[in-house]
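Comments concern the structure below.
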Amino acid sequence: MRDSTVLVTGGGKGLGRAFAEALGQAGARVFITGRDAATLEETTEKLTADGILVEAMRADVVDGGAMKDVVTRIMAITGRLDVLVNNAVDPGPVGPTADVDFDAWWRTQQVNVAGPLVTAQAALAVMIPAGRGRIINLVSPAGIKRWPYATAYSVSKAALLKLSENLAAELRSTGVTVLSYNPGIVDAGLTREGMRFVGNTDDPWLDRIGRWAIEARDSGAFTPLDTAVKALVRLARGDADVLTGLVVNAEDDLDARISERRASSR
Ligand SMILES: NC(=O)c1ccc[n+]([C@@H]2O[C@H](COP(=O)([O-])OP(=O)(O)OC[C@H]3O[C@@H](n4cnc5c(N)ncnc54)[C@H](OP(=O)(O)O)[C@@H]3O)[C@@H](O)[C@H]2O)c1
């Protein structure tokens, strides 16, 4: 990915950090954003020490002006933006939807749906004129299947998946592709945090989520981090551009899906 520039939102920790590191190792110049300055600084120091060209910027994804400024800065430094990875996430409140705190629920939609939208708009302002670009929206099994008692997260990821699909159709003749990427359930980030709730919370719903994650891990349902990261790098490199608009899962046989798609569009 030499000579390409990538923006990973929420790149300071969890999966975003692992994606940023792998993209940097693949040769990309990487920009990461988030709200917590200390986390961003620590990640920047670590990646820089590993020889990765990385820069962090504090920006809340719900702040359209801040995300425009991020893209402006990237353009000033590198003159290009090849890939946007919409990774930042709010896991949202858990518990019966009948009683869920509406403001917390709505905040999740803002971070997980409006955030990727305003960031995509900022990126598209430079990608469309350039005639190329890739937007990769992180989705989840929670947005593909039902996820009762975690509807804020589930609904937001389902909406993001539809946003990718519609945006991809609108951008078909522009050279810009949009994919939904489901990394699977990974022992990292919010899933790892979730498992820590067990035995450490009075909230039965957080405890329930944590137990569910531990059960999934112990039954072998997790996707290895390395698999999730390698597939993301392939998408960022453009291997799966032909799948624009679709959901790609980390554990898919990507080459088979690409061949099928090429064959069906002939
Ligand atoms: N972990 C899994 O098993 C799993 C499974 C399926 C899908 N995913 C998806 O993978 C992506 C990464 O998840 P993760 O598990 O790595 O989550 P995570 O560890 O909780 O990291 C979330 C990141 O988002 C940033 N963030 C949160 N709110 C933000 C805001 N308003 N503005 C800017 N940045 C914000 C956080 O940084 P700050 O706090 O500094 O802002 C952090 O860097 C998500 O889209 C998630 O849905 C994860």
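The values are calculated or read from the model by the stated rules, or taken from the named source; none is laboratory data. None of these values were measured; they are calculated from a predicted model. As a convention, Cβ positions derive from the backbone with ideal geometry for all residues, glycine included, and neighbour counts pool all protein chains shown.
Filtered by the rule that a residue be under 20 Å from the mean Cα position of the chain (by Cα), among the polar types (S, T, N, Q) and not in a helix (DSSP H, G or I), the stretch 211-263 gives Thr223, Thr244, Asn249. Residues in the stretch 126-146 that are among the charged types (D, E, K, R) and touching a residue at least 60 places away in the same chain (Cβ under 8 Å): Arg134 only. Among the candidates Val62, Val30, Val85, Val71, the residue that is outside the structural domain of Met195 (by TED's automatic domain parsing) and assigned to a loop (DSSP other than H, G, I, E, B) is uniquely Val62. With respect to the conditions (1) farther than 25 Å from Met195 by Cα; (2) buried (at least 24 other Cβ atoms within 10 Å of the Cβ), Gly16 falls short on a single one, namely (1).
Could you please let me know if Val71 is buried (at least 17 other Cβ atoms within 10 Å of the Cβ) and more than 9 Å from the ligand (Cβ to nearest atom)? Please lay out each step first, then the result.
Numbers: buried (at least 17 other Cβ atoms within 10 Å of the Cβ): yes; more than 9 Å from the ligand (Cβ to nearest atom): yes.
Yes, satisfied.
Does Val94 qualify as being part of a strand (DSSP E or B), at pLDDT 95 or above and more than 10 Å from the ligand (Cβ to nearest atom)? Write out each step before concluding.
Numbers: part of a strand (DSSP E or B): no; at pLDDT 95 or above: yes; more than 10 Å from the ligand (Cβ to nearest atom): yes.
It is false that Val94 is part of a strand (DSSP E or B), at pLDDT 95 or above and more than 10 Å from the ligand (Cβ to nearest atom).
Here the condition is being buried (at least 21 other Cβ atoms within 10 Å of the Cβ) and either at pLDDT 95 or above or assigned to a loop (DSSP other than H, G, I, E, B) (or both); of Tyr149, Tyr181, it holds for Tyr181 alone. Against the criterion of being within 18 Å of Pro91 (Cβ to Cβ), in contact (Cβ under 8 Å) with a residue 12 or more places away in the chain and within 12 Å of the ligand (Cβ to nearest atom), Tyr149 does not qualify.
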